[in-house]
1. Roughly how many whole Å is it from the C-alpha centroid of region 143-164 to that of region 267-288?
2. Carbon-plus-sulfur fraction of the accessible area of the chain, 1.4 Å probe, in percent?
3. Based on the alpha-carbon set only, what is the convex hull volume of region 90-176 divided per residue, in Å³?
4. Regarding region 44-124, what are the three Cα extents along the principal axes, ordered largest first, in Å?
5. For Val250, Val201, what's the largest-to-smallest order of accessible area, 1.4 Å probe?
6. Whenever you get a sec, line up Arg217, Arg163 from highest to lowest accessible area (probe 1.4 Å, protein heavy atoms).
7. With every protein chain left in place and a probe of 1.4 Å, what is the accessible surface of Cys25, to the nearest 10 Å²?
8. If you scale each eigenvalue of the Cα gyration tensor by 5 and take the root, what three semi-axes come out for region 1-136, rounded to whole angstrom and sorted largest first?
Amino acid sequence: MTSIWFWLAVAIAIPLFAVTVAVECTVVGDRILMAMDRLAAPLWNRADDFVRAATAAFFIAIFALGGVYLTPDLRTRSECVSWAQLFIAAGLFSRRTMLLSAMGILALWGTALYEYQLFHLLDYLVLALGVAGYLVSFSLEGSSWQEQRFTILRFAIAITLMRSSLEKFAYPDWFYPLAQDKPFLTFGMPADVFLPMAGVVEFVLGLGLIWTPIVRRFSAITLLIIFNAAVIPFGRLDFVGHGLITMMLVVAAIDPSREIQIAPGFRRAIVGAPIGFIAALAILAPTYWNLHAVLYGRDTPTQISAHAGHRLAISK
């Protein structure tokens, strides 16, 4: 909060957020949304097929990779885990077995708790809950929950990105070795300048995924560009690791729905953008640091660096 670069990023990102909301209320905004609807219609008409195929492809990929829980970052020596992920992929081809796949995804996350720390597995829990929630709601044909299946995916990816953005403030040491090895990632800025600004941008874009339709779609498209651009320096493994995130972002980008079920008037108001940012930060940031304090105690910078080294070792 004392970083001038944090406040500079806020001063840039929030007005852009508010301006986008204002444009959405005009004829120009309607035309932009209609153009997006036309472009996205072919894929949106097969959205459920896309989600199931992308999810199945992800689990087949990590089965082929072998020795990981749900993501290449979480390694395991158990062959049973790899085969379980293949069975999860197989269950996605039938509505009758999708519930079993959902239970399998949550079971894998629970199993990973035996080897990895709860604090960082919470990011994967939200993703797992999002995908499992989609599979369960899709399998409940004719129910009101089925209509909310894409909303579940949007909220899952939004919460995941907003929470993970806080790592840039809590664990900057994770990024420093990467910035030294690949300095182009910071766009020529010092790491201490880039990190707080990148954290704000990621948080705002994550919040945008649950905002008004045009903000949601622009946020999703921007994040898709960022995640896919990372494949160039980091390779195919990065593409596989972000497979579920990419799938959720595509769904958020092509979804033509205009209804806002929660506080529609507030989110369509220009003042809703800065107030929503403050409220989201006020909710997520304290829960992030308080949970950290419960699990690790009041860490010193040295201790935080030790946790960072442990996480980097896991990633490697």
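The values are calculated or read from the model by the stated rules, or taken from the named source; none is laboratory data. All values derive from a computational prediction rather than experimental measurement. For neighbour counting, all protein chains shown are included, and Cβ atoms are generated from backbone atoms with ideal geometry for every residue, glycine included. Heavy atoms of the whole protein, side chains included, go into the accessibility calculation; ligands, DNA and RNA do not. Shrake-Rupley method; radii C 1.70, N 1.55, O 1.52, S 1.80 Å.
1. 18
2. Using a 1.4 Å probe with all protein chains present, the chain comes out at 69 percent carbon and sulfur.
3. Convex hull of Cα atoms, per residue: 106 Å³.
4. Dimensions of region 44-124 along the principal axes of its Cα atoms: 40, 24, 20 Å.
5. Ranked list, largest accessible area first: Val201, Val250.
6. If we order Arg217, Arg163 from most to least accessible, we get Arg163, Arg217.
7. The value for Cys25 is about 90 Å².
8. 36, 25, 11
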